[in-house]
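Here is the structure we will look at.
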Amino acid sequence: MTLISTQQQTILDVDQLCWHVQSRVILDNISCSINKGSFTGVLGPNGAGKSTLLRCFYRYMKPTSGVVRYIGDDIQTLSPTEYAKQVAVVLQHTPQDFQLKVADVVALGLTPHKSWLSRLDANDHAAVQAAMTQVGVSDKQADNFETLSGGEKQRVMIARAIVQKPQVLIMDEPTSHLDVKYQIQIMELAKSLGITVIASFHDLNLAASMCDNILLLKGGKLVASGSPKSVITEHQLSKVFDVCTKVSEHPQHSAPLVTYYYGYVAGADHEE
Amino acid sequence: MKNNATKQMVYFSVILLLILIFSFASALSIGAAPLSFSQVFDSVFGLSNDQSSYISSIVWDLRMPRSLLAFVAGCGLALAGLILQKVTRNPLADPYLFGISSGASLGVVALMSVTSLGFGFYLSIGAFVGSLLAVVMLLVIAGHYGPRQVENMLLAGVALSFLFSAFTSLMLYWSDPQAVTSIMFWTLGSFARADWQTLWIPTTVVSICLVFMFLHQRQLTALLLGDESATTLGINVSRLRINMLLLSSLLTASIVALCGGIGFVGLMIPHIVRYFVTNGSRFSFFVTAFVGGIFMLWVDIGSRIILTNQELPIGIITSAIGSVFFLSLLYLRKRKALD
């Protein structure tokens, strides 16, 4: 009984969220809820509002109207450090040239847990080491962050998020610019953490095989949400992405598998 | 692993401390009237019985306050540069780039040309008011928080810097030649005006800044990852940046007020220290401040002995060393890129 209720527990609840910049509407009345422990993918074409939606989730942007609730509390009412202990974020880009060692970057994840004067103790160092081992960068810990490859950098950022001990991990296009191996590796790593993950994707097949739940955005509106099977359909993809596709079953896990057709005029009728 | 790093840090601190003691001893003994280390030692610790009053007055009344001011000014300028470089993530940021120094100059020049007051406490107030004016204008123009806060601040800083320089030049143009000479001398920087009565001001400000930065070191390091990442670590980025900006302007103002314009130190010292101590270290603030102080002690020694019977302004030496430093940095990087 309790098991079922925790599985169904809503961790993030979005209620009529709008975000405007001057008169332009970037997010238009979005309502959805994200279950605890689920893996949610945010999909949509460029400019659909994916990043803005995630930014509202991690409080980098304040909604023009509407509320985001974390386990019932409006996130704007929580203190920044309290919220940072619950929600960790991995972004697509990090600034260059800050001359930090890999271990230093990972240790920054402890920031919300540390008061002004406290030093890192043995437990903290152990946590940093464990996180680096978990993502497979412990042999690089004394290297400069800049010298790492794109995939390694993202793994370091995930290690930093692990050290933050969050309940929710938000990732904004963490796999763009990475080659296929790392795209799969990063997402499987995130899934293996066993916490709630919300990530935006460009690769529909990767999203289909990783996510339990998908939010499909277009023009700032939530077009569809639900399981990959219910959202990733030929009809929706044609409507939202303006592409012609065939959706079949993946031979390994029967998640939707998208095959694209080429040479079709956008918006024209098509046969399968 | 961590023990090793701590051990390294201890060795490093000991070496730094020895260099500091040697530098101070040199600063007290080198000058127009050379003293031996043992004379300086005896005078400082009051060991000599037949203490001739002239040695003790050279050490205590002239060289000690001057060297302390040089050290504190070096600490403060290096710290101000480090703060600005950290909060803007721009390795070229320093008090000059933000118009803080030119604001201070404007304050001094305005006061000198309007009231024709000589050197003294009033000028410090003028410098202080000028640099605070610069920071307030900077915050009004570019202080509102947004995705481009850093870029806006840098642009506004450069613009303000030119604006203040224009006003300063205009006032100099209208002033009488005698005032122009003394203003000119002031803007080149000197520690000759050091005395025990005013020394506490920069010392207090630098100490407060060191403590404040030490308390916020984790947040400052996190800021290096970018505003967005820092926000997700629970940091109020905008408030931290504005506090730090105010702090560095306070540092600059209190030092410029007493010593005049001293360029390149804020830019150069953090660069040098970064070769030895990573940005992630808890001690990088202290090391930067110490290295800045030691550097300034030697610049002051140089200013006293390079020309016979005459003092070379500090600003000339720091700018010369600074430009050579950056040119060699460029050359070394080019060589490294070719290898």
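No lab work stands behind these numbers, since they all come straight from the coordinates. Because the structure is predicted, anything quoted here is derived from the model rather than measured. When we count neighbours, we look across all protein chains shown, and the Cβ atoms used for this are built from the backbone with ideal geometry, even at glycine.
Points to keep in mind about this one:
- Label-point gap, in nm, between residue A:221 and residue B:54 - each point 7 angstrom along Cα→Cβ: 9.4 nm
- Other protein chain Cβ atoms within 10 Å, averaged over every residue that makes up B:256-268: 0
- ³J(HN,Hα), Karplus 6.51/-1.76/1.60, whole Hz, each residue of the range A:41-46, x for Gly, Pro: x, 10, 10, x, x, 4
- Stokes-Einstein D (µm²/s) once Rh is taken as the Kirkwood radius of the protein assembly as shown over alpha-carbon pairs, at 25 °C in 0.890 mPa s: 89 µm²/s
- Calculated from backbone phi, Karplus (6.51, -1.76, 1.60) coupling profile of the range B:264-277 in Hz, x at Gly/Pro: 6, 5, x, 7, 7, 4, x, 4, 5, 5, 5, 5, 9, 10
- Note on A:107-120: average number of Cβ atoms from other chains within 10 Å of each residue's Cβ is 4.
- Rounded to whole Hz, the Karplus (6.51, -1.76, 1.60) HN-Hα couplings of the range A:254-261, x for glycine and proline: 6, 6, x, 10, 9, 10, 8, 9
- Size of charge dipole - chain A - debye, nearest 20, with Cβ of Lys, Arg +1 and Asp, Glu -1, no other charges: 560 debye
- Set of lysines with alpha-carbon distance to residue B:7 below 29 Å, sequence-local pairs under 8 removed: A:101, A:114, A:140, A:153, B:86
- Virtual spin-label span in nm between residue B:90 and residue A:67, 7 Å along Cα→Cβ: 4.2 nm
- Sorting A:157-164, A:28-35, B:127-134 by average packing, meaning the other beta carbons within 10 Å per residue, from highest down gives A:157-164, B:127-134, A:28-35.
- Residues with amide H under 5 Å from that of residue B:198, placed H, sequence gap 5 or more: none
- Annotation: the residues A:52, B:308, A:147, B:232, sorted from fewest to most other C-beta atoms within 10 Å of their own C-beta, follow the order B:308, A:147, A:52, B:232.
- Cα gyration tensor shape of chain B, rounded if a/c is under 1.5, else prolate or oblate by comparing a/b with b/c: oblate
- The charge dipole of the protein assembly as shown, taken about its Cα centre with unit charges on the Cβ atoms of Lys, Arg (+1), Asp and Glu (-1) only, comes to about 480 debye.
- Note on residue A:205 and residue A:253: their simple-model spin labels are 1.5 nm apart, each label 7 Å out from Cα toward Cβ.
- Relative contact order (%) - criterion: Cα under 8 Å, at least six apart; region: chain B: 29 percent
- Cα gyration tensor shape for the range A:78-179, rounded if a/c is under 1.5, else prolate or oblate: oblate
- Note on the protein assembly as shown: antiparallel DSSP beta bridges, both residues inside, total approximately 60 percent of the bridges counted.
- The order of B:135, B:256, going from fewest to most other C-beta atoms within 10 Å of their C-beta, is B:135, B:256.
- Long-range amide H partners of residue A:218 with built H, under 5 Å: A:223
- The charge dipole of the range B:2-338, taken about the Cα centre with unit charges on the Cβ atoms of Lys, Arg (+1) and Asp, Glu (-1), comes to about 1240 debye, rounded to the nearest 20.
- Over the residues of the protein assembly as shown, the helix contribution to mean residue ellipticity at 222 nm works out to -18000 deg cm²/dmol, using -39500 (n - 2.57) for each DSSP H run of at least 4.
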